Amino acid sequence: MVKNRQLELLVYLLQKKKSTYGQLAHHFEVSTKTIERDIDRLSASGIPVYCQQGVGGGVYLDENYTFSTSFFTPEDIAHMITALHIAKTFTANPQNEEILKKLSLISPQLTHLFQSNVEQYFHLDLYDAPAHFDQDVFLSINQCLDFKQYATVDGVEAVVCLGYVYKPDGLYLFAHAGDYRLIKIDDIVSFIVTDQVFDGSYLTYKEYGNEK
């Protein structure tokens, strides 16, 4: 199994067909020596990538190459497309479309077939407005989650953010402020990240549900 960067390199070459060591090094923010090693490993694994020196040369991928079906099985592709379809119901993430484009490089026919089937036959009637996680309130919540910082939410101080919870009527913040509570994110007017950090352990939402 190739490492993640080598997989990304392979996907990039599938899209571009031709590049150079310098361009690849710049794109992946590594040295040309690292790219050379990655190309050697891809080639050693049987992937038809090759190099040509001189004017007009570069790094090439055989234009007839597609991923082996042993890399991702049809069942793998079906599961990934179903997961992306579910994710689109909850979050408006443009990266979902980028992932579909990459899957199309692997198996265009299967990707199109599974995508059409999922969109036609698989429906989630849970939440009409997918969350935009690039909004300020989500960025602030994520900061609190990552760095264990207290927040002041609509005037309530020392709020400990513990995670997100999707419910049929929207997205909630699971938090602790004196007690455990769910705060509907659409209703939040003011969210202030403080400089104070907390320690100690708190229940996860699953653990909280089991104790109720």
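The values are calculated or read from the model by the stated rules, or taken from the named source; none is laboratory data. Keep in mind that what you see is a predicted model, and the values were worked out from it rather than measured. Here the Cβ positions follow ideal geometry from the backbone for every residue, glycine too, while neighbour counts run over all protein chains shown.
Values computed for the structure shown
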| quantity | calculated |
| --- | --- |
| Residues located in the stretch 166-184, provided they are in a strand (DSSP E or B) and either farther than 18 Å from Thr91 by Cβ or of a type in the set (A, V, I, L, M, F, W, C) (or both) | Leu171, Leu173, Phe174, Ala175, His176, Tyr180, Arg181, Leu182, Ile183 |
| Residues that are touching a strand residue (DSSP E or B) at 6+ places or on another chain (Cβ under 8 Å) and of a type in the set (Val, Ile, Thr), drawn from the stretch 75-116 | Thr91 |
| Unique match (being surrounded by fewer than 14 Cβ atoms within 10 Å (Cβ to Cβ) and either assigned by TED's automatic domain parsing to the domain that holds Ile99 or not β-branched (Val, Ile, Thr) (or both)) among Tyr50, Tyr12, Tyr60, Tyr21 | Tyr50 |
| Inter-residue pairs, beta-carbon under 6 Å, first touching a residue at least 60 places away in the same chain (Cβ under 8 Å) and under 23 Å from Lys101 (Cβ atoms) and in the stretch 13-37, second of a type in the set (Gly, Ala, Ser) and assigned to a helix (DSSP H, G or I), 6+ apart | none |
| Which listed residue is of a type in the set (A, V, I, L, M, F, W, C) and at pLDDT 80 or above, from Leu24, Leu7 | Leu24 |
| Positions within the stretch 112-129 being at pLDDT 70 or above, closer than 12 Å to Thr82 by Cβ and within 21 Å of the chain's Cα centre (by Cα), in sequence order | Phe114, Gln115, Val118, Glu119 |
| Looking only at the stretch 136-158, and only at residues there that are charged (D, E, K, R) and outside any helix (DSSP H, G or I), the one that is farthest from Phe198 (Cα to Cα) | Asp154 |
| Residues of the stretch 183-201 that turn out to be surrounded by 14 or more Cβ atoms within 10 Å (Cβ to Cβ) and within 20 Å of Lys167 (Cβ to Cβ), as a count | 4 |
| Asp195 of a type in the set (Asp, Glu) and more than 25 Å from Ile86 (Cα to Cα) | yes |
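Conditions tested, residue by residue: (1) under 24 Å from Gly209 (Cβ atoms); (2) buried (at least 17 other Cβ atoms within 10 Å of the Cβ); (3) touching a residue at least 40 places away in the same chain (Cβ under 8 Å).
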{"residue": "Leu84", "(1), (2), (3)": "no, yes, no"}
{"residue": "Pro94", "(1), (2), (3)": "no, no, no"}
{"residue": "Ala131", "(1), (2), (3)": "yes, yes, yes"}
{"residue": "Gln135", "(1), (2), (3)": "no, no, no"}
{"residue": "Leu139", "(1), (2), (3)": "no, no, no"}
{"residue": "Gln149", "(1), (2), (3)": "no, yes, yes"}
{"residue": "Cys161", "(1), (2), (3)": "yes, yes, no"}
{"residue": "Asp169", "(1), (2), (3)": "yes, no, yes"}
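Residue-wise test of (1) assigned to a loop (DSSP other than H, G, I, E, B); (2) at pLDDT below 95; (3) under 18 Å from Leu139 (Cα atoms).
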{"site": "Val160", "(1), (2), (3)": "no, no, yes"}
{"site": "Tyr164", "(1), (2), (3)": "no, yes, yes"}
{"site": "Asp186", "(1), (2), (3)": "no, yes, yes"}
{"site": "Val189", "(1), (2), (3)": "yes, no, yes"}
{"site": "Ile192", "(1), (2), (3)": "no, no, yes"}
{"site": "Leu203", "(1), (2), (3)": "yes, yes, no"}
